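K.L.:
Below are the structure tokens for one structure; questions will follow.
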């Protein structure tokens, strides 16, 4: 299979992944708001089984899905960079960028937990994790790599 076909498929997949992620989180958040705030439930029928869950169980599900989607976005971003540039350094930069995003978010979470400000910093931490669950890192890295010199294009990592 040619690299253009692979890249096209991966781009379609990463865009679709964003819609799938949104589909899950919007509906799960409707359920959570229904349970915790009594807001009228507008989640799709396939999510109504979550009405029997506790808020803590739903939050744990959201954490699991956050890790799953972050990992999927990281993997697809890595594959696109690897196929597009065939540069070990760019591959490493991609992995380290994602790990940096995740460690920064976890560092803030740990710090907010230590100082008792988790409610105050939740929005910032959620935004950082939202970046990890999007194709924003791919867009930034792809543009960056397009303009960097390509002297280490020897082998794939």
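Coordinate-derived values only; no laboratory data. What you are looking at is a predicted structure, and each value in this text was computed from that prediction instead of being measured. Ideal geometry is used to build each Cβ from the backbone, glycine not excepted, and the neighbour counts take in all protein chains shown.
K.L.:
Helix 3-37 against the longest principal axis of the chain: what's the angle in degrees, Cα atoms only, rounded to the nearest 10?
P.N.:
10
K.L.:
Along the Cα→Cβ direction, 7 angstrom out, place labels at residue 75 and residue 16. What is the inter-label distance in nm?
P.N.:
Taking the two extended label points, one gets 1.4 nm.
K.L.:
Something else: Could you rank the peptides 1-7, 46-52 by their average count of other C-beta atoms within 10 Å per residue, with the highest value first?
P.N.:
Packing proxy ranking, top to bottom: 46-52, 1-7.
K.L.:
Calculated from DSSP H runs of 4 or more alone, at -39500 (n - 2.57) each and per residue, what is the 222 nm mean residue ellipticity of the chain, nearest 500?
P.N.:
-27000 deg cm²/dmol
K.L.:
For residue 40 and residue 63, what does the FRET efficiency come to when R0 = 25 Å and r is the distance between their Cβ atoms, rounded to the nearest 0.05?
P.N.:
The calculated FRET efficiency here is 0.45.
K.L.:
What ranking do 58-69, 110-121 get when scored by the average of other Cβ atoms within 10 Å per residue, highest first?
P.N.:
Descending packing order for the listed peptides: 58-69, 110-121.
K.L.:
Could I ask something else about it? Using Cα pairs under 8 angstrom and six or more residues apart, how large is the relative contact order of the stretch 1-142, in percent? Please list the in-between numbers first.
P.N.:
Details: 102 pairs, mean separation 36.6, N = 142.
Taking the mean separation of contacting Cα pairs over the length of the stretch 1-142, I get 26 percent.
K.L.:
OK, next. 7 Å from Cα along Cα→Cβ at both residue 95 and residue 1: what's the point-to-point distance in nm?
P.N.:
It is 2.3 nm.
K.L.:
May I pose another question? Show me 73-85, 24-36 ranked by packing, highest mean number of other Cβ atoms within 10 Å first.
P.N.:
73-85, 24-36
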